[in-house]
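The values are calculated or read from the model by the stated rules, or taken from the named source; none is laboratory data. Note that the structure is predicted; figures quoted are calculated from it, not measured. All Cβ positions, glycine included, derive from the backbone under ideal geometry; neighbour counts span all protein chains shown.
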Amino acid sequence: MARQTVKRRPLYSVHPSVAMVQAWADGLPDKTGRSLEEWIALVHEEGPASEKERRNWLKEEQGLGANAAWWIAERSSKKGWMDDGPEAYLKSAEGYVATMFAEGKTGMRPIFDELLRLGKDLASDVKVSPCQTIVPLYRQRVFAQIKPADGSRIDLGLALRDAPQAIPPRLVETGGLEKKDRITHRFSLVKIGDIDAEVRRWFKVAYDLDA
């Protein structure tokens, strides 16, 4: 009897900003009369040298909005990842995580891997989309993020603004409540054993709050 192959879910999901920037790029010709490639060519031909000067030039001389000027200037300097498309982003995502745990942070990788496993095991709709310095987890919005704070600990940030129960002292406030950021509290984890029942419970609370 032929063996059945179990199809595993991809480890990472395309960052939501990729689709947003792609939609923006697709609409550039209708809105501005030039495609992204044509804007980049114009910047190289007529614009200033530095990325900051290019942003200002695109806003002040070409009449573009702040976001458009920022993204075009960034791409003209061969930087950025959000508008490189889903496949390119997913390739980059693996590199972002590898770089986060390079050199003096390699000992933190097992903690990250366990948190990633726990997050994805919460439900099938959990999406993990690494950035260059943090790894956010999404349901409808970001409900958690994993960040190597230094070579000795990982912070698990959670979105707990409307938590239905008292938050324990171990969950440190991030300042997000005052700043109206999504992530409001964090666990500081220095070893696998720190990922205990309390961490798992509040991980699930943050997920449920993003229903």
State all residues of segment 150-195 that are of a type in the set (A, V, I, L, M), part of a loop (DSSP other than H, G, I, E, B) and over 17 Å from P136 (Cα atoms); if no residue qualifies, say none. A163, A166, I167, L171, V190, I195
Restrict the check to segment 101-110 and report whether at least one residue is part of a helix (DSSP H, G or I) and at positive phi. yes
Enumeration of residues in segment 150-166 that are within 30 Å of F101 (Cα to Cα) and surrounded by 12 or more Cβ atoms within 10 Å (Cβ to Cβ): G151, S152, R153, I154, D155, L156, G157, L158, A159, L160, R161
When only residues in segment 146-204 that are of a type in the set (D, E, K, R) and under 20 Å from P130 (Cβ atoms) count, which is nearest to the chain's Cα centre (by Cα)? K147
What do you reckon, is D125 at pLDDT 90 or above, assigned to a helix (DSSP H, G or I) and surrounded by fewer than 16 Cβ atoms within 10 Å (Cβ to Cβ)? no
With the first residue restricted to segment 121-139 and required to be more than 18 Å from A88 (Cα to Cα), and the second required to be of a type in the set (V, I, T) and assigned to a loop (DSSP other than H, G, I, E, B), Cβ contacts under 8 Å at 6 or more apart or on different chains are L137/V126; Y138/V126; R139/V126
When you check G119 against the structure, is it in a helix (DSSP H, G or I), within 16 Å of the chain's Cα centre (by Cα) and over 29 Å from W24 (Cα atoms), yes or no? yes
Within segment 196-211, can you find the residues that are part of a helix (DSSP H, G or I) and small (G, A, S)? A197, A206
